Amino acid sequence: YDKPQTFGGGTDNSLVAYSIQGTGSVGVIALQDSNFPPPSGKASLRIVNAASDSTAYDAYVNSTKLLSGIAQGSASAYQTLDAATYVLGFDPAGTTTVAATQSAVLAAGHVYTVYVYGRSGTAATVLTTDY
């Protein structure tokens, strides 16, 4: 991958590399991270689709749809949630087939990113604390 990236001063960024199935190529998602705490008693969560196939995902929080159709190679805006323990679920967009789940303890005052990666049928997730 040799595509140049430009980053603004005074920002934190994350770069996510992912395989593009069937092409032998690598994609990169450049994300600007949030360094600001969420409102009191809340947590912020961003979802990144780093799948290696073209699957878009719907995101669920405790079985309630939070976001629809997060495309491969993209990220959602940060979502503000109550501080709590959640089950995050990811289904291929428009289906009710669970592709991956993640138990997540989201603490007040923190910012998180969950990455969905792999291929449809074998998707997995990882949760990171950004702030």
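If you go through the stretch 88-131 one residue at a time, how many are touching a residue at least 60 places away in the same chain (Cβ under 8 Å) and within 24 Å of Gly27 (Cα to Cα)? Residues meeting the conditions: 11. When Ala107, Ala84, Ala100 are screened for being among the small types (Gly, Ala, Ser) and within 17 Å of Val48 (Cβ to Cβ), only Ala100 passes. Just wondering, is there one or more residues in the stretch 66-73 that are touching a Ser or Thr at 6+ places or on another chain (Cβ under 6 Å), open to solvent by less than 40 Å² (accessible area, probe 1.4 Å) and under 26 Å from Thr6 (Cβ atoms)? Within the stretch 66-73, one or more residues are touching a Ser or Thr at 6+ places or on another chain (Cβ under 6 Å), open to solvent by less than 40 Å² (accessible area, probe 1.4 Å) and under 26 Å from Thr6 (Cβ atoms). Given the condition out of contact with any strand residue (DSSP E or B) (no Cβ under 7 Å at 6 or more places or on another chain), of a type in the set (Ser, Thr, Tyr) and open to solvent by 40 Å² or more (accessible area, probe 1.4 Å), answer yes or no: does some residue in the stretch 99-116 qualify? Within the stretch 99-116, none of the residues are out of contact with any strand residue (DSSP E or B) (no Cβ under 7 Å at 6 or more places or on another chain), of a type in the set (Ser, Thr, Tyr) and open to solvent by 40 Å² or more (accessible area, probe 1.4 Å).
So which strands (runs of 3 or more DSSP E) stay within the stretch 6-60 end to end and still have 3 or more residues that are open to solvent by less than 30 Å² (accessible area, probe 1.4 Å)?
Of the strands (runs of 3 or more DSSP E) lying wholly inside the stretch 6-60, those with at least 3 residues that are open to solvent by less than 30 Å² (accessible area, probe 1.4 Å) span 25-32, 42-51.
Taken as a whole, the structure leaves Ala77 outside the set of residues that are open to solvent by less than 30 Å² (accessible area, probe 1.4 Å), touching a residue at least 12 places away in the same chain (Cβ under 8 Å) and either closer than 26 Å to Ala30 by Cβ or aliphatic (A, V, I, L, M) (or both).
Here's the yes/no breakdown for (1) among the aromatic types (Phe, Trp, Tyr); (2) closer than 14 Å to Ser120 by Cβ; (3) without any contact (Cβ under 8 Å) to a residue 60 or more places away in the chain:
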{"site": "Asp33", "(1), (2), (3)": "no, no, no"}
{"site": "Lys42", "(1), (2), (3)": "no, no, no"}
{"site": "Ser54", "(1), (2), (3)": "no, yes, yes"}
{"site": "Ser63", "(1), (2), (3)": "no, no, yes"}
{"site": "Ser68", "(1), (2), (3)": "no, no, yes"}
{"site": "Ala71", "(1), (2), (3)": "no, yes, yes"}
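There is no residue in the stretch 83-104 that is acidic (Asp, Glu) and over 26 Å from Ser19 (Cβ atoms).
The values are calculated or read from the model by the stated rules, or taken from the named source; none is laboratory data. Please read these numbers as outputs of a predicted model, since none were measured by experiment. Every residue, glycine among them, receives a Cβ derived from its backbone with ideal geometry; neighbour counts consider all protein chains shown. Each accessible area value is taken on the protein alone, full model and side chains, heavy atoms only, with ligands, DNA and RNA left out. Shrake-Rupley method; radii C 1.70, N 1.55, O 1.52, S 1.80 Å.
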